[in-house]
Amino acid sequence: CACDIAEDAVMPWVLSAIAAGVGSSDIVTMRAAASALAELAEHAGHVLTELHSERVLPLVTVALTAATEAECTIGASAVLVEGFSVPIHAAVAALCENFSNEELAPALPGLVPVLVGGA
């Protein structure tokens, strides 16, 4: 179960690796990181936000920024949009659903410009 993994002591390193992958310049790495984040968010989002919010909130901001920038700079590249941006947006939505307003508030200064500026 993904919840078991999210509760494991290795999860901070997993989240750091995903953040590095999201920020990579290699499309294969970016897509792998996006997939991993989407799967974790879907199957263990509530545990991630509960136990690792201090790492998840910055990751949400970095991931959403990277996805939006990819959509803007690469345009309609189906490979990047479908393999990277779509899973990132799904992951961000799933994770944000698990945060209360008070928990999400510290991330808003980083998220609002990306959400308002959009792709």
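Things to note:
- Flag if residue 18 is farther than 15 Å from residue 59 by Cβ and either at pLDDT below 90 or under 16 Å from the mean Cα position of the chain (by Cα) (or both): no
- Scanning the stretch 27-37 for residues that are open to solvent by less than 70 Å² (accessible area, probe 1.4 Å) and farther than 17 Å from residue 99 by Cα gives 27, 29, 30, 32, 33, 34, 35, 36.
- Apart from one condition, residue 108 fits all of (1) hydrophobic (A, V, I, L, M, F, W, C); (2) surrounded by fewer than 17 Cβ atoms within 10 Å (Cβ to Cβ); (3) at pLDDT 90 or above; the exception is (3).
- Residues being buried (at least 18 other Cβ atoms within 10 Å of the Cβ) and over 21 Å from residue 105 (Cα atoms) - total across the stretch 1-26: 6
- Candidates in the stretch 84-103 are the residues that are of a type in the set (A, V, I, L, M, F, W, C) and farther than 9 Å from residue 49 by Cβ; of these, the one that is most open to solvent (accessible area, probe 1.4 Å) is 86.
- Qualifying residue in the stretch 38-54 (condition: in a helix (DSSP H, G or I), crowded, with 18+ Cβ neighbours inside 10 Å and without any contact (Cβ under 8 Å) to a residue 12 or more places away in the chain): no
- Residues located in the stretch 86-119, provided they are in a helix (DSSP H, G or I), of a type in the set (A, V, I, L, M), without any contact (Cβ under 8 Å) to a residue 60 or more places away in the chain and under 21 Å from residue 33 (Cβ atoms): 86, 90, 91, 92, 93, 94, 95, 107, 111, 114, 115
The values are calculated or read from the model by the stated rules, or taken from the named source; none is laboratory data. Just so we're clear, the structure is a prediction, and the values are computed from it rather than from any experiment. Cβ sites come from the backbone with ideal geometry, for glycine too, and all protein chains shown count toward neighbours. Heavy atoms of the whole protein, side chains included, go into the accessibility calculation; ligands, DNA and RNA do not. Shrake-Rupley method; radii C 1.70, N 1.55, O 1.52, S 1.80 Å.
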